[in-house]
1. In the stretch 156-180, how many are free of Cβ contacts under 8 Å to residues at least 12 places away in the same chain, more than 16 Å from Leu120 (Cα to Cα) and part of a helix (DSSP H, G or I)?
2. Let me confirm something: among Gly88, Gly179, Gly148, which residue is of a type in the set (Gly, Ala, Ser), surrounded by 14 or more Cβ atoms within 10 Å (Cβ to Cβ) and at positive phi?
3. Could you check how many residues of the stretch 117-155 are part of a strand (DSSP E or B) and at pLDDT below 95?
4. Looking only at the stretch 91-107, filter to residues that are under 16 Å from Asp41 (Cβ atoms) and without any contact (Cβ under 8 Å) to a residue 60 or more places away in the chain; which one of those is surrounded by the most Cβ atoms within 10 Å (Cβ to Cβ)?
5. Could you please let me know if Leu62 is within 20 Å of Leu178 (Cα to Cα) and without any contact (Cβ under 8 Å) to a residue 60 or more places away in the chain?
6. Would you point out the residue of the stretch 159-169, among those that are surrounded by fewer than 21 Cβ atoms within 10 Å (Cβ to Cβ) and either under 30 Å from Ser115 (Cβ atoms) or under 20 Å from the mean Cα position of the chain (by Cα) (or both), that is modelled with the lowest pLDDT?
7. Restricting to the stretch 43-56, name every residue that is in contact with a Phe, Trp or Tyr (Cβ under 7 Å, 6 or more places away or on another chain) and either in a helix (DSSP H, G or I) or free of Cβ contacts under 8 Å to residues at least 40 places away in the same chain (or both).
8. For Ala40, are the conditions met, namely being over 21 Å from Glu141 (Cβ atoms) and part of a helix (DSSP H, G or I)?
Amino acid sequence: MILGVVGSGSSPSNSRRLLEEALAGAAEARAVERRVECLADLRFRGCVGCRACRTYADGCVLRDDLTPVLRATAECRALVLATPIYYGYASGLFKSYLDRWYSFRDAGRNLRVPSGRPALLIVTQGHPDPKAYAWTLGSLEKVLAAYGFEPRALVATGLEEGGAVDRSPELLARARDLGRALAA
């Protein structure tokens, strides 16, 4: 299964649109189950720092709408993540989801999830310069790599308003191509 996780609360969402395009490309390349989770539709908390996952539990002890998403993240064969850049970093929803990945390591900091899985990180931003938030992209890619994913990225720039990506066929085509590569 290829899991898509959207970190935007906007509707229409450029992040979600690009994620769906990438998943469509993956389906073209290979018949594979796809699942999309929109974090804005879920009721959950970020990591509370209880450390239960690292001391006595085999995963996050918080039980909320994110629990099945974390399970799917741990089990998927590939991952597509999409978030807008808000004030220089991923959305708060997206960051809260990533913080709960802390539970993907045990007390000895060993991964509890498989490594070597492909991931596509889609970052949307209003700023027209693709290098404007390069440190943010680098930070997110480091997190993905630290948790065993092999990340590729798509930085979609100049998307000030919802639906703007639909006026950018080259971005949509790039997302679809990256989705095809993800499934190959």
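1. Taking the stretch 156-180 and keeping what is free of Cβ contacts under 8 Å to residues at least 12 places away in the same chain, we get 161, 167, 169-170, 173.
Checking which are more than 16 Å from Leu120 (Cα to Cα) leaves us with 161, 167, 169-170.
Restricting the remaining residues to those that are part of a helix (DSSP H, G or I) gives 167, 169-170.
Qualifying residue count, the stretch 156-180: 3.
2. Numbers: Gly88 fails: surrounded by 14 or more Cβ atoms within 10 Å (Cβ to Cβ); Gly179 fails: at positive phi.
So the residue among Gly88, Gly179, Gly148 that is of a type in the set (Gly, Ala, Ser), surrounded by 14 or more Cβ atoms within 10 Å (Cβ to Cβ) and at positive phi is Gly148.
3. So the first thing to find is which residues in the stretch 117-155 are part of a strand (DSSP E or B), and the list is 117-124, 149-155.
Filter once more, so that each one left must be at pLDDT below 95: none.
Number of matching residues: 0.
4. Going through the stretch 91-107, the residues under 16 Å from Asp41 (Cβ atoms) turn out to be 91-94, 96-97.
Those still in the list that are without any contact (Cβ under 8 Å) to a residue 60 or more places away in the chain too: 92, 96.
Details: Gly92: 15, Ser96: 18.
That would be Ser96.
5. On the way: within 20 Å of Leu178 (Cα to Cα): no; without any contact (Cβ under 8 Å) to a residue 60 or more places away in the chain: yes.
When the stated conditions are applied, Leu62 does not pass them.
6. Taking the stretch 159-169 as the starting set, the residues that turn out to be surrounded by fewer than 21 Cβ atoms within 10 Å (Cβ to Cβ) are 160-164, 166-169.
Checking the rest, the ones that are also either under 30 Å from Ser115 (Cβ atoms) or under 20 Å from the mean Cα position of the chain (by Cα) (or both) come to 162-163.
On the way: Gly162: 90, Gly163: 93.
Here the residue is Gly162.
7. Start the filter on the stretch 43-56 by keeping residues that are in contact with a Phe, Trp or Tyr (Cβ under 7 Å, 6 or more places away or on another chain), which leaves 47, 53.
Cys53 - this is the single residue of the stretch 43-56 that is in contact with a Phe, Trp or Tyr (Cβ under 7 Å, 6 or more places away or on another chain) and either in a helix (DSSP H, G or I) or free of Cβ contacts under 8 Å to residues at least 40 places away in the same chain (or both).
8. Working: over 21 Å from Glu141 (Cβ atoms): yes; part of a helix (DSSP H, G or I): yes.
When the stated conditions are applied, Ala40 passes them.
The values are calculated or read from the model by the stated rules, or taken from the named source; none is laboratory data. Just so it is clear, the model here is predicted, and its values are computed rather than measured. Here Cβ is always computed from backbone atoms with ideal geometry, including for glycine, and neighbour counts include all displayed protein chains.
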